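The values are calculated or read from the model by the stated rules, or taken from the named source; none is laboratory data. Everything numeric in this text was worked out from a predicted model, so none of it was measured. Here Cβ is always computed from backbone atoms with ideal geometry, including for glycine, and neighbour counts include all displayed protein chains.
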Amino acid sequence: MRLKQTFFLTLFLFFCIALYAQVPVADTIQIVEILPGVRKLEFKKLPDGTQVQILAGNVRLRQGTTLFSCDSCVLNNVTKTFLAFGNVHINEGDTTQIWSNNLRYLYDQKYAYLTGAVRLNDGQGKLTTNTLEYDVARKIGHYKNGGKVVNKTTTVTSQEGIYYTDIKDIYFKKNVVMKDPANTVKTDSILYNTETQTASFIAKTVITDTSGRVITTTEGRFYVPTGKAEFTQRTTIVDKALTVTGDEIISDDSTGIIQIRGRGVLIDTSKGISILANSIFANKKTEAFLATQKPLMIVKQDKDSIYIAADTLFSARLSDLFVDTSKNAKKTNPKDSTNRYFEAYRNVRVFSDSMQSVSDSLFYSFKDSVFQLFQNPVTWSRKTQITGDTIYLHTKNNKPSFIRVMENSFMITEVQPGVFNQIKSIRMNGFFTNGALDSVRAKGAAESVYFLQDKDSAFSSVNQTTSDAIDIYFDSSELRKVVLRSSVKGTMYPIKQKQPSEMRLEKFQWLEARRPKTKYELFE
């Protein structure tokens, strides 16, 4: 008889458990099921009259596709809550796994509060924190008291974070530090995707890599696997001797290419070069750069600087332009600052305190410090203007030292407004002292017009000559002596007989209007 009573009591409890497990515990269509295998189950009445269910040993619950397991659990159907203790595990199948010591779960809201050694794994990132709020319905985790996420070789720590497990996005906030083998990122906010390993910056951010390069930005994206970065707000990159700044910068470590757009600045202190332009392409591997959209180059030497503006500027290593393939070729020192050249195209303007030039195109070698000016070039030094088909201007310490003019050479020196000494020839060589023209030799069908002055600087006569060659000597930029060489012909006119406007050699052009007056003109 007692055996039969025990059988019916056990059968009754079984149906009670099965019935409770099938009763919805929320106002939604989702229900919580108690899965078989629980070792201990009992009902307990709380002082307020609420009846709770206590489960212990191999506890497993299911709500929809989400599985819960723990050592013990207390279910409260009135508050629609269950408390889980010990080895808590939330299993969302192939998407998310969460472990903790304790759990409070609001099953009508599908919202979990986890504490103690919390770990979350979404298949891409692994989060560890001490406390975590997790929205099961929306698959969003939120920690507020410090956490760490490990994604392959990248580790991110922050005071607060929101983990969107379904889309693999994590929004890190407050004291964010992201590290991978090559970079350390410090900022206040990062949006990071564990699947693409992409970090998006929305606050002041400092990125330092193992080579010592430092990037400072406030907005952009960084692709950890490739080292490619896109910055969309004013950004500065300091890489040893190279510093670049721009409104937008794209940097690719795999190729070494840096693209700068909007108020771009490139400074290479090892080469003594600064570039300003709205568009700059630089290659760290080849040390080449291309600047367009109002580019300006500043070449600094000693106290004086040379400013070069054009429609396009290009610079690269001289050894890449002229490759020595001979057996005795010497290897170029990579730190050699003279192993460089630059080219300028269209509307070229050059300014320094001692010399100014304009031309259609220009080539400059740092090894020999020579400006090669092509297509209608003009060079000015103080009161002297020199033109020709091609001009080679040698400089020393950023001051002109020697000038060579090829074909249709023409030198004009303004003595007074409207009064010009002139020399014309096929070729012309000139020498400078301290940036001032010292002497000139004109060769081949040389012609000259020069005004003679007395001791009071009053004009006494004007001399017009032709010869095979003419040597002209200056003193403090003033004409001191003219020496005619071979086949000399000429006429000297009293100054009263000739107006200065009449004394013009063929193809005379005074081009002062084209002359850059200040360096600031080149910024326009």
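Could you tell me whether any residue of the stretch 468-480 is of a type in the set (Phe, Trp, Tyr) and over 25 Å from GLN356 (Cβ atoms)? Don't jump to the end; show me each part of the working.
We begin by selecting, within the stretch 468-480, every residue of a type in the set (Phe, Trp, Tyr); these are 473-474.
So of that shortlist, the ones also over 25 Å from GLN356 (Cβ atoms) come out as none.
Checking the stretch 468-480: not a single residue is of a type in the set (Phe, Trp, Tyr) and over 25 Å from GLN356 (Cβ atoms).
Going through the stretch 86-111 one residue at a time, which ones are within 27 Å of THR196 (Cβ to Cβ) and assigned to a strand (DSSP E or B)?
Residues satisfying the conditions are ILE90, ASN91, GLN97, ILE98, TRP99.
Inspect the stretch 10-17 for any residue being in a loop (DSSP other than H, G, I, E, B) and at pLDDT below 85 and give the result as yes or no.
Of all residues in the stretch 10-17, those in a loop (DSSP other than H, G, I, E, B) come to none.
Scanning the stretch 10-17 turns up no residue that is in a loop (DSSP other than H, G, I, E, B) and at pLDDT below 85.
Can you tell me which residues in the stretch 498-509 are more than 15 Å from TYR450 (Cβ to Cβ) and surrounded by 10 or more Cβ atoms within 10 Å (Cβ to Cβ)?
Taking the stretch 498-509 as the starting set, the residues that turn out to be more than 15 Å from TYR450 (Cβ to Cβ) are 499, 501, 506-507, 509.
Hits for the stretch 498-509 are GLN499, GLN509.
Among LYS399, LYS367, LYS383, which is more than 21 Å from LEU313 (Cα to Cα) and under 42 Å from the mean Cα position of the chain (by Cα)?
LYS399
Tally time: how many residues in the stretch 218-260 are in a strand (DSSP E or B) and of a type in the set (Asp, Glu)?
Within the stretch 218-260, residues that are in a strand (DSSP E or B) and of a type in the set (Asp, Glu) number 4.
Mind checking which residues of the stretch 388-447 are over 24 Å from VAL299 (Cβ atoms), in contact (Cβ under 8 Å) with a residue 12 or more places away in the chain and assigned to a loop (DSSP other than H, G, I, E, B)?
ASP389, GLY418
Might you let me know whether the stretch 122-133 holds any residue that is over 42 Å from the mean Cα position of the chain (by Cα) and β-branched (Val, Ile, Thr)?
no
Looking at the stretch 510-523, is at least one residue over 50 Å from the mean Cα position of the chain (by Cα), of a type in the set (A, V, I, L, M) and surrounded by 14 or more Cβ atoms within 10 Å (Cβ to Cβ)?
No.
Just give me the residues in the stretch 419-464 being among the hydroxyl-bearing types (Ser, Thr, Tyr), surrounded by fewer than 22 Cβ atoms within 10 Å (Cβ to Cβ) and more than 14 Å from LYS481 (Cα to Cα), in sequence order.
Scanning the stretch 419-464 gives THR433, SER457, SER460, SER461.
Restricting the search to the stretch 181-204, which residues are without any contact (Cβ under 8 Å) to a residue 24 or more places away in the chain, over 13 Å from SER158 (Cβ atoms) and polar (S, T, N, Q)?
Correct list: SER200 only.
For the stretch 362-380, name all the residues that are in contact (Cβ under 8 Å) with a residue 40 or more places away in the chain and within 22 Å of GLU512 (Cβ to Cβ).
Those that are in contact (Cβ under 8 Å) with a residue 40 or more places away in the chain and within 22 Å of GLU512 (Cβ to Cβ): LEU362, VAL378, TRP380.
If you take the residues of the stretch 350-363 that are in contact with an Asp or Glu (Cβ under 8 Å, 6 or more places away or on another chain) and modelled with pLDDT of 90 or more, which of them is nearest to VAL419 (Cα to Cα)?
PHE351
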